[in-house]
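Each value in this text was obtained by applying a stated rule to the coordinates, not by laboratory testing. For clarity, every value in this text was computed on a predicted model and none was experimentally measured. Cβ coordinates were reconstructed from backbone atoms using ideal geometry, including for glycine residues, and neighbour counts include every protein chain displayed.
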Amino acid sequence: MDKTRLLIIEDNRLIREGLAEMFKNQEKLEVEAGSGDQEKLDQEIDRFKPHVILLNSALQRQYSLEVVQRVTERSPVTKTVVMGLALSMDEINEFMDAGATGFILKDATPQKFIKTITAVAKGEIVLPLHYTDLLLSHIVSNTIVKEKITPGESVQITQFELQLLKLLSEGLSDEELGEKLSVTPESVKFHIHNIKQNLYLFSLLDSRPD
């Protein structure tokens with residue numbers, strides 16, 4: 001795609017306009033700001049056809065989860081990034097079940113916002129690093145429990161890589177991971193690449209420190 005069309009859904013005017021201002025000089029983003037008015041949402045989606053929606057997790061009318069559900073049903077190709085001052089694991093789980101694939105805190109840097117939006121537009125899942133276990137359990141639920149793919153197809157990561165995935169939540173370097181797992185840093189890099197290829201956790205794993 002030439003440009004990513006981003007629709008901001010935020011009912012606080014100052015925040016909405018501030019976000020739009022932050023993105024306006026991004027050459028690869030085409031931005032439109034929406035008020036969060038429930039009656040206008042469908043019209044905005046139909047007219048603007050956003051690739052990504054940046055959604056306040058706590059709209060004043062308390063229907064943010066419903067927005068994600070409606071977007072997923074009405075426009076399956078549109079991705080949703082949920083932003084909030086703080087997001088609990090239960091909230092993230094509910095939003096993921098509704099169809100959201102990206103999450104970001106409101107105090108994140110402009111660079112982090114752009115990186116998250118770009119990654120989600122490409123079909124990646126973006127979570128704060130310390131939610132690794134939640135993402136893993138969500139993947140297992142959606143692939144085996146909900147039978148989106150067969151169990152045989154879902155066995156794409158080894159027990160060693162599962163252990164590595166959980167350790168990644170500690171933010172360790174390749175050298176430190178290698179010491180914990182008794183392998184070389186090169187082996188760690190290889191298995192991380194394999195996890196990325198099989199589970200599409202590019203943005204999650206790339207956010208860890210080198």
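Label region 62-110 by shape, choosing from rounded, prolate and oblate, from the square roots a ≥ b ≥ c of the eigenvalues of the Cα gyration tensor; if a/c is under 1.5 it is rounded, and otherwise prolate applies when a/b is larger than b/c, oblate when it is not.
Values: a/c = 2.11, a/b = 1.50, b/c = 1.40.
Prolate, since a/c reaches 1.5 and a/b exceeds b/c.
Can you put ASP42, ASP11 in order of Cβ neighbours within 10 angstrom, beginning with the fewest?
Neighbour counts put them in this order, fewest first: ASP42, ASP11.
Given axes a ≥ b ≥ c from the Cα gyration tensor, I'd like to know whether region 4-126 is rounded (a/c under 1.5), prolate (a/b larger than b/c) or oblate.
Numbers: a/c = 1.18, a/b = 1.09, b/c = 1.09.
Note, shape of region 4-126 comes out rounded.
By the scheme Lys and Arg +1, Asp and Glu -1, what is the net charge of all other residues having a beta-carbon under 11 Å from that of GLU27?
Taking every other residue near GLU27 into account, the sum is +1.
Stretched out fully, how many nm does the piece from ASN25 to LEU167 gain, at 0.36 nm a residue minus the Cα gap?
Gain on extension, ASN25 to LEU167, equals 47.3 nm.
Assuming R0 = 35 Å, what is the FRET efficiency of GLU186 and MET89, from their Cβ-Cβ distance, to the nearest 0.05?
The computed FRET efficiency comes out at 0.55.
So what J values fall out for region 6-20 if you push phi through Karplus, 6.51 cos²θ - 1.76 cosθ + 1.60 with θ = phi - 60°, rounded to Hz, Gly and Pro as x?
10, 9, 8, 10, 8, 8, 8, 4, 4, 5, 4, 5, x, 5, 4
What does the charge count around GLU17 come to, taking other residues whose C-beta lies under 13 Å from its C-beta (Lys +1, Arg +1, Asp -1, Glu -1)?
-1
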